[in-house]
Every structure is written in structure tokens, then in C-alpha cells.
Amino acid sequence: MFGYILNRFHNPQDIEKINNFLSELTSDYYLNFSQKQVVRELNKKYFVDTLAEPTPPAEGKSLDEVFNEFKTKIYDLSVRTWNPLFLNQMSAGSPLISVAGDMLASMLNPTLSTWEAAPAAAIIERNITKWMASVLGMPEGSSGIIVPGGSLANIVALTVARNKYNNKIAENGLTENDNLCIITSEASHYSIKNAANLLGIGTKNLITVKTNERNEILVDDFIITLNAAKQNKKNIFACVLIIGNTVTGGIDSIREIAEICKREKIHLHLDAAFGGSLAFTSQKSYLLDGIELADSICWDSHKWFYSPLTATALLFPDVETLKTNLNSDADYLFHQPYDSIDGTEDPGLYTILCGKKFDALKIWFLWKTYGTASISEAAESRLDLTRQFYNLLSETEDFVPSYNPVSPLMCFKFLPEKYKYLSIQEIDKIHKDIRERIKKSGEILFNIALLNGSYHFRTVLINPLTTIDDLRFLLDKIRQTDKSL
Ligand code: ABU
């Protein structure tokens, strides 16, 4: 029986068949995107009726049958994130070379907890995190670890910050007298609230600071809030600034707050999951001014850096900070090194993950193939597109841009003259209805978000294929849909 399975896994005809299937499908996906809708439809009942299966398959099927089922039920019903009219999310498809890197990482399947089982992978991961830290402008020698997602990176960074503040907590747990707090903006990512929950700090001990119309932290309010917290005997051990707000793409000002954090011995973590890619653009020195003062930074390669989900760099000026503040005490896995050379440590000592995938490989393929020059060109072109869209919205009589954009994320409202006497709630409902109807058509996928008390359309403009004509098409579609409501 086992021999039969092995034979099925590895026989040359099947390998050829699988390769041919992959080749046909990737050509269809990457070359025919413009002839397809973003998604065929989004009727929930249809998906459940087509895909939900109560029991696992008892017997295997032929490859042809499996391919056919995948193609008709999963591939054809999936959202095409590479389509220029997919504007819904901060991840928007990935070039084939990086997808190939992801597949090859799965094929090699090294367990990245130990160097001996993943010698090349461990060094490539260290290289990638060094490159990312240096592009951001972190101090020389900075590097880190790749983790699956910005939320996890934020949680690990705040764990390190908590243990740096009080190195007894890891062992003894929190006491009532600790009074630990994190300071961040009222518009920071929900993973910070989850971190306060998971770290035992308590979400009520997340101290929030007011923001401007682009959801960026108000520095004056930060100072007032910090001083009030100190007077109330709160022990603020970490500050999280957002470099690329999820609703607006706004960028918190770094330098002044970083200098205060240094003075007050508060760990400064930058959640640059989205906005880290500004480091590839002409806006770097202006928008990321002070970044070298951060104690930790996270940056998602699967957002505006185009690798497939997920690969987040969690970076520190001194990567050993991770090792000293996390516990990887597993004698069966991590053995005392016989010969130590920098970069050959067990990566598992620097992360809470034991099973650790070779996610750096998809970034390696991307970077080696296109180089910093082309990646920068792509990033800059998305800033240009966002500015063009802002101008287009400003020139119309019926649309209003919600703010002046600083990164490729543009929110706007549809406010034709005839809505003049409608309430905010009525206009909110129209926005939701318009979006829902366009979404159901599957032609365009864009988002909606609450901003400053009302709903705004939200478009993420990172897809390298999206043009200003696509965005004109979106505005026309909104106008037509409004007429048909
Ligand atoms: N991690 C935030 C992702 C939000 C979005 O994809 O739009």
C-alpha cells in the first residue's frame, strides 16, 4: 500500500501532468486577467451549495478529476486579486516569480527552527531582514526575523518591550501593582488591542491619542496624554506608531515622539506593515524621518512589496533583543553550537514559532529578479496614481476626496448636489448600498470604512496594473449605480 502511494506521489507522468496544469493555469491567471471580472459572483448561498462538504474524501480521485474540480469550483470562484479593479485590500496579488518562490519554499520544506535543518534558508532569511532594515534606514547591523503577518509581529514586539521593561514578568506574570500601559493612537490597528489582551496588560490599559483627518497621531495630544498617564502612576512601557493607517494610509510623525520615548525609556514600535514600502519612494526622508530611532519595526512584504501572503519582517537594531526576551528552551531541538558564526544561529531562538516556513524565499526571488530599482519604480508609480486619483476626485462636482493622500490608499465620498439635504445616516446607507451592488456584480471590488464619523469609499491603489482609466471607470460605475438604486 505504502509503495503504491509513493509511486503515485513520485511517478514521472504525474509530475509532468502537475507541471503542465500549473503552467496552463498560471498563464491563464497572469495573461488573461483583463478579460475576467474581479470575481464571478459573491452570492454566499451559491458558494456554500457548491463548496461545503461534510465529510473528507474516503478514496482518492485521478489527477484530472481533482484538477477539474479545483478549476471549476475553487479557481473560477476565487477573487482575482491581480485584477486592476481589485482595490479592496492591502494585498493585491503577487508576480509569478514570487509565487514560484513560495511554491519552492514549500517544496524544499525546511524547518526553520534550527540552522542544521535549514542552513541556506536561515542565512537567506537573515540577509532579507538585513536588506529590509537597511532600506528603511535603521542603524547598521539591524536585522530580525520573518513572521506570518503584521499582527503577530506587533504582538511579539510588544512582548519583547514588556520583558525589557520588567524582566521578571515573563516568569512571574503580571501583578496588580505593575500598572502597565501601551500608548498608541485611537486609529491604530486592532492587533495592538489583541496584544494588550494576550500580554495580560488588559485592553483598558491601552492609552489612546487623538488623530487628525488622516487618522494620524496628534503630537500635542500625545504629550498631554503621556503626562496625564504619568501623573496617574501608569507605567507606559511601549508606544506604537502607525506607518500606514489601514483606513487612510496615514503616517504618524516619528521623530518628535521617538525623542520623547528615548527620554522616557519607552520602547517605540513602528507598525509599518503597509507604509514600510514608502522607504522605496522619494517620500522616504520626509515621511519616515526619525525611523532610525525606533526600537522595533514590522513591515509586511505581502502588502505594497508584492510577495504572496504572508511574510512580515520584524526588525530590531540588535536582533539579540529577540533572543534574550523570548523563551526557546527545547534541548531536543536547539543544541549548544560547536562552531559559532554570525548568521548560523538557530532561527527558532528568535521567534515564538516552532514550525517556521521559509517565507523569505518569496521575497528573495522578487528582489533578485527585479532589484531595488524596479521595486522602487513600482512603488513610486502607485504614489503617482494616488495623486492623480486625488486630483481627479477634486475636479469632479460629485465626488470629494476625504484627505490629501500620503500613501496609496484613497478614501472618498460620493456627494452629488441632490444629496444636499440628506442626513449623514442617509448618505451612509447610500454609500453602503452602492458598494454592495457593485460588489455583487463582481466587476470591481473596493471597500468602505468609517472615518471621522461617517462612511467613505476606500480604495487601496497598490496593484501595479491599475490605471487612472480604471479609476474613472469606478467613478462612472458609482454614478450609474446611484441612478439605479
Ligand atoms: N493588516 C491590515 C489589512 C487590511 C486590508 O487588507 O485592507
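Rolling a 1.4 Å probe over the heavy atoms of the protein chains gives the chain an accessible area of 49 Å² per residue. Cα convex hull, region 379-427: 65 Å³ per residue, rounded to a whole number. Legend: residues LEU158, LEU422, LEU333, sorted from most to least accessible area (1.4 Å probe; ligands, DNA and RNA excluded), read LEU422, LEU333, LEU158. The spread of Cα positions in region 101-256, taken along each principal axis and listed from longest to shortest, comes to 53, 41, 28 Å. Apolar share of the accessible surface for the chain: 54 percent from carbon plus sulfur atoms, 1.4 Å probe. Were the residues from SER381 through SER134 laid out at 0.36 nm apart, the gain over their Cα-Cα distance would be 86.7 nm. Using the Kirkwood formula on the Cα atoms of the chain, what hydrodynamic radius do you get, in angstrom to one decimal? Kirkwood radius, the chain: 24.6 Å. Applying a threshold of 28 Å to the alpha-carbon distances of LYS303/LYS440; LYS71/LYS368; LYS168/LYS362; LYS164/LYS230; LYS323/LYS357; LYS17/LYS303 flags LYS71/LYS368; LYS168/LYS362; LYS17/LYS303 as lying beyond it. Convex hull volume of the Cα atoms of region 240-360, normalised per residue: 136 Å³. Between ASP289 and TYR190, the distance separating the two model label sites (each 7 Å from Cα on the Cα→Cβ line) works out to 3.5 nm. Helical content of the chain, expressed as a calculated mean residue ellipticity at 222 nm, amounts to -13500 deg cm²/dmol (DSSP H runs of 4 or more residues, -39,500 (n - 2.57) each, divided by residue number, nearest 500).
A straight line joining the Cα centroids of region 240-307 and region 50-112 runs 32 Å. Taking 7 Å steps out from each Cα toward its Cβ at GLN336 and ASN109 produces label points 3.4 nm apart. Rounded to the nearest whole angstrom, the semi-axes of the ellipsoid equivalent to region 159-203, taken from the Cα gyration tensor as √(5λ), stand at 20, 10, 9, largest first. Here the convex hull built on the C-alpha positions of region 326-446 has a volume of 230 cubic angstrom per residue. Suppose we keep just the DSSP beta bridges with both residues in the chain; what percent of those would be antiparallel, to 5? Beta bridges within the chain, antiparallel portion: roughly 55 percent.
Are there DSSP H segments in the chain that both extend 20 Å or more along their axis (alpha-carbon positions) and score a mean Kyte-Doolittle hydropathy of at least 0.0? List them, or say none. Flagged H segments are 119-136, 150-165.
Computed from Cα atoms alone, the Kirkwood hydrodynamic radius reported for region 1-96 is 15.9 Å.
The values are calculated or read from the model by the stated rules, or taken from the named source; none is laboratory data. This structure is a prediction, so every number in the text was calculated from the model and none was measured. Note: ideal-geometry Cβ built from the backbone for every residue, glycine included; neighbour counts use all protein chains shown. With ligands, DNA and RNA removed, areas are computed over all heavy atoms of the protein, side chains included. Shrake-Rupley method; radii C 1.70, N 1.55, O 1.52, S 1.80 Å.
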